[in-house]
């Protein structure tokens with residue numbers, strides 16, 4: 001069981017890449033709980049599963 005997801009978005013430009021959630025067939029019901037931006041440009045996103 002997962003209580004929360006913490007994702008850090010690092011803004012870079014790529015021509016190609018691998019999607020993080022490429023093979024997920026069922027949508028995850030997630031609710032954004034908090035976000036925090038950093039001076040370097042990164043953003044921390046915290047999600048909880050919807051109940």
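The length gained on full extension between residue 45 and residue 27, counted as 0.36 nm times the residue separation minus their Cα-Cα distance, comes to 4.7 nm. When every alpha-carbon pair in the chain is counted, what percent end up more than 17 Å apart? Summing the P(r) of the chain above 17 Å gives 50 percent of all pairs.
Only the coordinates and a few stated rules stand behind these numbers; no lab work does. Quick caveat, the model's predicted, so the values are computed rather than measured.
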